[in-house]
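One structure is given below, encoded as structure tokens.
The values are calculated or read from the model by the stated rules, or taken from the named source; none is laboratory data. Owing to the predicted nature of the structure, the values given are computational and were not obtained by experimental measurement. Reconstructed Cβ throughout: ideal geometry from the backbone, glycine too, with neighbour counts over all protein chains shown. SASA here: full protein model, heavy atoms, side chains in, ligands and nucleic acids out. Shrake-Rupley method; radii C 1.70, N 1.55, O 1.52, S 1.80 Å.
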Amino acid sequence: MTATISTGYAAGIDVAATVARCRKQLPGPADLILAFVGGKHDPEAALAALRASFGDIPLAGGSAAGAIAGGGTGVGTGGFGYSGLEIGIIAFSGPEVTPKILTNRDLLEGEEAAGQALGQAVRAQAAPGSAVLILFDSVAASAPLRLHPASRIMAGFHAALDGLPLHVIGGGLLTDINLSDGWMFDGYSIAKHAMTALVFPPGLHAATAILHGCRPVSSFFEITRVEGAEVLELDGQPALTVIERTLGLELGTTSGQQLSLVATLGQKQGDPFAPFDENNYVNRLILQADPARGSITLFEPDFTIGTRVQIMSRDNALMLESVTQGIADLEAGLHGACAFGLYIDCAGRASVMTGAETEEADLVLRTLKPGFPFIGFYSGVEIAPFAGDYSRPLDWTGVLTVFQRTA
């Protein structure tokens, strides 16, 4: 069987017709489909439409706040959007390119244990150096909102790998930018509180660029009181007071949503006194603020007492500059035939959230060299290798990975 990878992209209210339009863009049969489905589509209807168009083959992916696809020679129509009606599909055909799907459905019982179970399954299947894509349902509960922490998933996952070197990327699946819900395909059905790992064949080599866009606007603060993801004190003062004073906001009037649009907490890696380099920062988005407690709640619970952080401003100009420079650096290091590209894009980078005049996803599409299949989706959390082989969750980033054939 000839190894092929191709993409399709379409948007529309009728999910069956939308999937059918995608299918017409893809040549020949497929052995596995990776599909990202806008959250306004009914998941059962989406599953039925994919089965009608592609048959009884493994399905991965799931809900997405939006989809992104590059149009190149013979690889379908490009575009992007986050209306909730988009569908992006990448089809794999042939053992040289088709990944294996591994699934775990136990996130609700404990994210770290579930991550460890998935890591054990991956360790049994993956060759050293293999690329692995992890996808998981981001939303644990909607009222009150609680997320499945990617940091706990990855802690368990890496513990199970026991040092096996892998190139791990991933993202959390959402139905919309407002974090209303999430669901996923687990191979043959629809699942909640689940995650999958796609283990790619050793003949595909992955190279990843992390695209950032935050800069520090404060000196260092030490977290002096924290409960899980809720940061209560910075330098012994209410965290919300410190952040609002630093940003010049009126105390007590800022909602978590407003804060999340303008600021993050950043942890600088390495030498704290080294010149600014956005690649040295792990940033955490602010999920919500509680004026009564003077606290902020982050997307991840991995900052602890004693963690030194800076208040970071979300910088649209820096974000777009990071896209241009990051793609240029990535492409300069590529050698050989590119099989396909994957972009995991934080939903908060959409211009409806940032107010940027240029859509960041559109700039990605215009900057990438055309001619190979490319698919992307708007995510809740992005996972990428950071400071070595260890892959960790990142916020307000774009994770761009290009897969090359090595054999």
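Could I get the Rg over Rh figure for segment 196-337? Both from C-alpha atoms, Rh via Kirkwood, rounded to two places.
On the way: Rg = 17.6 Å, Rh = 16.7 Å.
Reported Rg/Rh, Kirkwood definition of Rh: 1.06.
Going out from 0 in 5 Å bins, what whole percent of all Cα-Cα distances in segment 265-365 drops into each bin?
Bins of 5 Å from zero give 2, 9, 16, 19, 18, 16, 11, 5, 2, 1, 0, 0 percent of pairs.
Give the cross-link partners of residue 192 among the lysines, using a straight C-alpha distance below 19 Å as the criterion and excluding same-chain residues fewer than 8 apart.
Once the sequence-local lysines are set aside, what remains near residue 192 is 40.
Among 347, 373, 65, whose Cα sits farthest toward the positive end of the charge dipole of the chain (+1 at Cβ of Lys/Arg, -1 at Cβ of Asp/Glu, about the Cα centre)?
373
Could you give P(r) for segment 312-407, binned at 10 Å from zero, as whole percent values over all Cα-Cα pairs?
Spelled out per bin, shortest first, that is 14, 47, 33, 5, 0.
So how much accessible area does residue 103 have, in Å² to the nearest 10, using a 1.4 Å probe?
50 Å²
In angstroms, what radius of gyration and Dmax does segment 1-127 have, counting Cα atoms only?
When restricted to Cα atoms, segment 1-127 yields Rg and Dmax of 15.6, 46 Å.
Given a 1.4 Å probe and heavy atoms of the protein chains only, how would you sort 268, 40, largest accessible area at the top? Could the numbers behind the result be given before it?
On the way: 268 30, 40 150 Å².
Result of the area sort, largest leading: 40, 268.
I need the semi-axes of the equivalent ellipsoid of segment 128-198: take the C-alpha gyration tensor, multiply each eigenvalue by 5, square-root it, list largest first in whole angstrom.
Working: eigenvalues 118, 38, 19 Å².
Output for segment 128-198: semi-axes of 24, 14, 10 Å.
Counting only DSSP beta bridges with both residues in segment 278-390, what percent are antiparallel, rounded to the nearest 5?
Details: 4 of 10 bridges.
Just about 40 percent of them are antiparallel.
For segment 133-141, just list the computed ³J(HN,Hα) in residue order, Karplus coefficients 6.51, -1.76 and 1.60, θ = phi - 60°, integers in Hz, with x standing in for Gly and Pro.
3J(HN,Hα) across segment 133-141, in whole Hz: 10, 9, 10, 8, 6, 6, 8, 7, 8.
Is segment 96-152 rounded, prolate or oblate when judged by the Cα gyration tensor, a ≥ b ≥ c being the square roots of its eigenvalues, rounded requiring a/c under 1.5 and prolate requiring a/b larger than b/c? Before the final figure, lay out the partial values.
Values: a/c = 2.87, a/b = 2.13, b/c = 1.35.
The shape class here is prolate.
So who's got an amide H within less than 5 Å of the one on residue 381, skipping anything under 5 residues away but keeping other chains? H placed 1.01 Å off N, in plane.
172
Is any residue of segment 256-298 close enough, with backbone N under 18 Å, to a label point placed 7 angstrom from the Cα of residue 224 along the Cα-Cβ axis, and if so, which?
Answer for segment 256-298: 293-296.
Let a ≥ b ≥ c be the square roots of the eigenvalues of the Cα gyration tensor of segment 59-195; is it rounded (a/c under 1.5), or, if not, prolate (a/b larger than b/c) or oblate? Walk me through the intermediate numbers first.
Working: a/c = 2.12, a/b = 1.11, b/c = 1.91.
Because a/c hits 1.5 or more and a/b fails to exceed b/c, segment 59-195 counts as oblate.
Is segment 158-249 rounded, prolate or oblate when judged by the Cα gyration tensor, a ≥ b ≥ c being the square roots of its eigenvalues, rounded requiring a/c under 1.5 and prolate requiring a/b larger than b/c?
prolate
At 222 nm, what helix-only mean residue ellipticity would the chain give, in deg cm²/dmol to the nearest 500, using -39500 (n - 2.57) for each DSSP H run of four or more?
-7000 deg cm²/dmol
List every residue whose amide H lies under 5 Å from the amide H of residue 31, counting only residues 5 or more places away in sequence or on a different chain, with H placed 1.01 Å from N in the peptide plane.
Here 92, 93, 94 satisfy the definition.
Per-residue accessible area for residue 308 at 1.4 Å probe radius, Å² rounded to 10?
In the full protein context, residue 308 sits at about 110 Å².
Scale the Cα Rg of the chain by the rule-of-thumb value 2.2 N^0.38 Å and send over the ratio, two decimals. All intermediate terms of the calculation are to be shown ahead of the outcome.
Numbers: Rg = 20.3 Å, N = 407, 2.2 N^0.38 = 21.6 Å.
Normalised by 2.2 N^0.38 Å, the Cα Rg of the chain equals 0.94.
Once phi is turned into θ = phi - 60°, what whole-Hz ³J(HN,Hα) does the Karplus curve with 6.51, -1.76 and 1.60 give for every residue of segment 298-312, x standing for Gly and Pro?
8, 5, 10, x, 9, 8, 10, 4, x, 5, 9, 10, 10, 7, 10
Could you state, as a whole-number percent, how many of the C-alpha pairs of segment 259-320 are farther apart than 16 Å?
Values: 948 of 1891 pairs.
Counting pairs separated by more than 16 Å, the tail of P(r) holds 50 percent.
Give the accessible area for residue 158 in Å² (nearest 10); use a 1.4 Å probe, count only protein heavy atoms, and leave out ligands, DNA and RNA.
Residue 158 has an accessible surface of roughly 30 Å² with all protein chains in place.
Rounded to whole Å, give me the distance from the Cα center of segment 14-93 to that of segment 291-342.
27 Å
When all alpha-carbon pairs of segment 317-363 are counted, what percent fall beyond 11 Å?
On the way: 798 of 1081 pairs.
Of the Cα pairs, 74 percent sit more than 11 Å apart.
Hey, got the dipole for the chain? About the Cα centre, +1 on K and R Cβ, -1 on D and E Cβ, debye to the nearest 20? Provide the component values of the computation, followed by the final result.
On the way: 24 positive and 41 negative charges, 151 e Å.
In total the dipole reaches around 720 debye.
Mind checking the log10 I(q)/I(0) for segment 1-63 at q = 0.17, 0.18, 0.22, 0.27 Å⁻¹? Debye, one equal scatterer per Cα, no solvent, two decimals.
Result of the Debye calculation: -0.53, -0.59, -0.89, -1.37.
Can you give the alpha-carbon Rg of segment 199-283 over 2.2 N^0.38 Å, where N counts its residues?
On the way: Rg = 16.9 Å, N = 85, 2.2 N^0.38 = 11.9 Å.
So segment 199-283 has a normalised radius of gyration of 1.42.
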